[in-house]
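Please read the structure below before turning to the comments.
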Amino acid sequence: MSLVAFGLNHQTAPLAIREQLAFPAERLRDALSGMVGAHAANEVAILSTCNRTEIYCNAPDVRDTLAWVANYHQLPVDRLEPYLYVYNTEAAARHAFRVASGLDSMVLGETQILGQMKDAVRAAETAGSLGTLLNQLFQRTFAVAKEVRSQTSIGANSVSMAAAAVRLAEQIFGSVRDLNVLFIGAGEMIELVATHFAAHTPRGMTIANRTLERGEKLARQFGARAVVLNDLPDILANHDVIVTSTASPLPILGKGLAERAIKLRRHRPMFMLDLAVPRDVEAEVGELADIFLYTVDDIAQVVESGREERRMAAEAAEAIITEKTREFVSWIDSRRAVPVVRALRDHGERVRRHALDAAMKRLARGESPEAVLEALSSQLANKLLHAPTTALTQASGGERDHLIDTVSRLYDLHAD
């Protein structure tokens, strides 16, 4: 077993790099099965969010896995390497535990990452790329995250990106009550942000999505109206706040569309929050004088509130993670003995069957059961003890002393 975790996140790579390595949800299953099918990894799970892309794998050579990922995105490996972190075994387990517990997030202690990690595991299960090692890793990861949140206050005073979106809107416009808010997409992030805005009762809310059915389902939760993405040119100018988070590989809002909306609004300001990776809004839109464009990286300062309290809780969380990491590494070490244990049992089974076959033949010839049983027990004892006895008698010096100690421990022998 060779556990490896590698990737990049908001701390190691700018948004322009992160969006190049993102895995869209609709392509994730094919990527997982493709990586295993190409023998780039024996097991693999991919965690791809707006803040990180991480590959957890059981792979004999991480260079092969990294090369596959780079080729999948049509990127040279040396383009990615300056931004990557690579963790092996113990460090990989510790990293997974910290990520799931919210210790490695932009918002320290945030909870959304745990759900995203569970989604990544479900995708790996569906793709058939989850084996014994990763299954054990993630089961322990989820248990650690639960313990951290139940025994520490790591999630207290946490300001999420969803709450930060409302704060930014209030800084620009004042009260949210006077605003029309447009949400582009209908996924989990949009639902979270819409929940926070709805709590402040804006003037109007609209959900724009590729499929109207899914948009209407989310719109009903908030008393909003639903439209399709093709309607954006007609409705964009009617909204003061635009929050977007889709899985589109290409931008949805371009500079031309934004300029037209600003003219129709007679240069009244617009606040755009792009939470998508890759980005939904062209970067050039931020150059327009009347548009306040923020990305996931731009709202980091807003989510700093309460960080000191969460930092103190994080110290207690780290202690839990250290202990659970040690337990996981111990489990991996124990697995190294599995092939030997299996071979030992196979050897014992072969000896047993040979002895039993010989005994059955003697019984068939009419020999007394007592004599057959005596021969059977003697044959089993001799066969099973032959290898350790030979090793002891043929060894010399320090090797013999070591074997004596080992055999004494294995068979619970005492000098007397």
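The values are calculated or read from the model by the stated rules, or taken from the named source; none is laboratory data. Everything quoted here is computed from the prediction, not taken from an experiment. Note: ideal-geometry Cβ built from the backbone for every residue, glycine included; neighbour counts use all protein chains shown. Only protein heavy atoms, including side chains, enter the accessible area calculation; ligands, DNA and RNA are left aside. Shrake-Rupley method; radii C 1.70, N 1.55, O 1.52, S 1.80 Å.
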Do we have Phe6 as part of a loop (DSSP other than H, G, I, E, B) and of a type in the set (Phe, Trp, Tyr) here?
no
Among the residues of the stretch 79-113, what is the count of those that are among the aliphatic types (A, V, I, L, M), open to solvent by 30 Å² or more (accessible area, probe 1.4 Å) and either closer than 19 Å to Ala319 by Cβ or at pLDDT below 95 (or both)?
1
Inspect all residues belonging to the stretch 202-225 and state whether any of them is in contact with a helix residue (DSSP H, G or I) (Cβ under 9 Å, 6 or more places away or on another chain), over 20 Å from Met161 (Cα atoms), crowded, with 20+ Cβ neighbours inside 10 Å and of a type in the set (Val, Ile, Thr).
no
Count of the stretch 279-294 residues which are in contact (Cβ under 8 Å) with a residue 40 or more places away in the chain and within 21 Å of Arg266 (Cα to Cα):
1
Look through the stretch 227-245, keep the residues that are touching a residue at least 12 places away in the same chain (Cβ under 8 Å) and open to solvent by 30 Å² or more (accessible area, probe 1.4 Å), and return whichever of them is farthest from the chain's Cα centre (by Cα).
Asn238
Boolean, Thr141 is open to solvent by 60 Å² or more (accessible area, probe 1.4 Å), under 24 Å from Ala25 (Cα atoms) and not acidic (Asp, Glu)
no
Please count how many residues of the stretch 52-64 are buried (at least 24 other Cβ atoms within 10 Å of the Cβ) and touching a residue at least 60 places away in the same chain (Cβ under 8 Å).
2
I want to confirm something. Restricting to the stretch 274-286 and keeping residues that are under 23 Å from Ala164 (Cβ atoms) and not in a loop (DSSP other than H, G, I, E, B), which single residue is nearest to the chain's Cα centre (by Cα)?
Asp274
Residue ID - farthest from the chain's Cα centre (by Cα), chosen from residues in the stretch 174-192 that are surrounded by fewer than 19 Cβ atoms within 10 Å (Cβ to Cβ) and not in a strand (DSSP E or B):
Asp178
Are there any pairs with C-beta distances below 6 angstrom linking a residue in the stretch 391-412 that is in contact (Cβ under 8 Å) with a residue 12 or more places away in the chain to a residue that is exposed (fewer than 12 other Cβ atoms within 10 Å of the Cβ) and among the small types (Gly, Ala, Ser), with the two at least 6 apart or on different chains, and if so which?
none
Cβ-Cβ under 6 Å, sequence separation 6+ or interchain: first residue in the stretch 326-346 and aromatic (Phe, Trp, Tyr) and modelled with pLDDT of 80 or more, partner surrounded by 11 or more Cβ atoms within 10 Å (Cβ to Cβ) and part of a helix (DSSP H, G or I). Which pairs?
Phe328/Ala93; Phe328/Arg140
Being more than 14 Å from Ala5 (Cα to Cα) and assigned to a loop (DSSP other than H, G, I, E, B): is that true of Glu110 here?
yes
Taking the conditions exactly as written (more than 20 Å from Ala208 (Cβ to Cβ) and not in a helix (DSSP H, G or I)), does Ile299 satisfy them or not?
yes
Report whether or not Arg311 is open to solvent by 50 Å² or more (accessible area, probe 1.4 Å) and over 30 Å from Arg18 (Cα atoms).
no
Touching a residue at least 24 places away in the same chain (Cβ under 8 Å), open to solvent by 60 Å² or more (accessible area, probe 1.4 Å) and small (Gly, Ala, Ser) - does that describe any residue in the stretch 161-169?
no
Which of the residues belonging to the stretch 66-98 are of a type in the set (Val, Ile, Thr) and either closer than 23 Å to Asp333 by Cβ or part of a loop (DSSP other than H, G, I, E, B) (or both)?
Val86, Thr89
Total residues in the stretch 324-345, condition part of a helix (DSSP H, G or I) and open to solvent by less than 80 Å² (accessible area, probe 1.4 Å)
14
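Residue-wise test of (1) within 24 Å of Pro269 (Cα to Cα); (2) in contact with a Phe, Trp or Tyr (Cβ under 7 Å, 6 or more places away or on another chain).
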| site | (1), (2) |
| --- | --- |
| Pro202 | yes, no |
| Arg210 | no, no |
| Val241 | yes, yes |
| Pro251 | yes, no |
